[in-house]
Amino acid sequence: FVFNRGDFTDPLRQVDAGTPSVLGGTTEGLANRLMLAKWLVSQDNSLTARVFVNRVWFEIFGQGIVTTLEDFGVKGERPTHPELLDSLAVEFMEDGWSLKKLHREIMLSATYRQTARRQPSDFLARTDPANRYLWRFNPRRLDAEQVRDAMLAVSGELDGKDGGPAEEGTSLARSIFTK
């Protein structure tokens with residue numbers, strides 16, 4: 001039921017089960033949350049995969065293929081490389097939604113392996129000064145944990161253990177294993 005301003009005693013009308021019409025789905029056979037979840041990750045619905053792939057791309061490159069991460073809709077930006085986004089989304093679904101395979105695909109690409117030290121030509125400086133089309137890798141700041149781990153590794157003091165209980169921040173374990 002759709003309620004008037006949240007008033008549960010005054011339902012305006014009954015709503016049939018189904019996917020929201022703004023997502024382009026049908027109302028057939030979606031009577032509960034489990035069915036909706038299955039529809040969201042089905043091969044027929046590439047929107048979920050496209051959004052997820054775009055988020056992973058953003059985490060790696062610092063900008064998404066669609067720069068408006070929260071808005072793939074009418075008010076959002078157009079993708080800089082729509083064919084790439086679609087290709088990665090289809091491959092992601094065909095690989096069983098494997099995040100590891102998606103990361104491998106992106107990190108083995110020529111785009112990821114570019115240098116950040118490339119100086120722009122006059123043409124690139126005029127046409128894409130913000131590097132929106134990724135003609136070079138954008139330098140990114142390291143997190144504090146990455147700096148700490150790198151300093152401990154260079155000094156030879158880093159404890160290379162894998163797993164175990166969390167340790168105090170003063171320990172020599174990798175930052176991921178500290179409190």
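The values are calculated or read from the model by the stated rules, or taken from the named source; none is laboratory data. Quantities reported herein were computed from a predicted structural model and do not represent experimental measurements. Cβ placement follows ideal geometry from the backbone for every residue including glycine, while neighbour counts extend to all protein chains displayed. Ligands, DNA and RNA are stripped out before the accessible areas are found, and what is left, the full protein with its side chains, is counted by its heavy atoms. Shrake-Rupley method; radii C 1.70, N 1.55, O 1.52, S 1.80 Å.
Would you mind pulling out the separation of the Cα centroids of region 46-101 and region 109-130, in Å? Centre-to-centre distance over Cα atoms comes out at 22 Å.
Going through the cross-link list Lys38/Lys100; Lys101/Lys179; Lys38/Lys101; Lys75/Lys100; Lys101/Lys161, which pairs have a Cα-Cα distance over 28 Å in this structure? Distance filter (> 28 Å) returns Lys101/Lys179; Lys75/Lys100.
Using the Cβ-Cβ distance between Leu172 and Gln114 with R0 set to 41 Å, the FRET efficiency from 1/(1 + (r/R0)^6) comes to roughly 0.75.
In order along region 112-119, phi translates into HN-Hα couplings of 5, 7, 6, 7, 8, 8, 5, 8 Hz, rounded to whole numbers, per the Karplus curve 6.51 cos²θ - 1.76 cosθ + 1.60 with θ = phi - 60° and x for Gly and Pro.
Of the accessible area of region 63-112, computed with a 1.4 Å probe over protein heavy atoms only, carbon and sulfur atoms account for 52 percent. The packing ranking of peptides 76-83, 157-164, 136-143, highest mean first, is 76-83, 136-143, 157-164, where packing means the average number of other beta carbon atoms within 10 angstrom of each residue. Annotation for Val90 and Ala125: the two label points, set 7 Å from Cα along the Cα-Cβ direction, are 4.0 nm apart. The string of couplings for region 141-152 from the Karplus curve (6.51, -1.76, 1.60, θ = phi - 60°) is 6, 7, 6, 4, 5, 5, 5, 4, 5, 5, 5, 5 Hz, one whole number per residue in order, with x for Gly and Pro.
Packing here is the average count of other Cβ atoms within 10 Å per residue, and on that basis the peptides 40-53, 62-75, highest first, run 40-53, 62-75.
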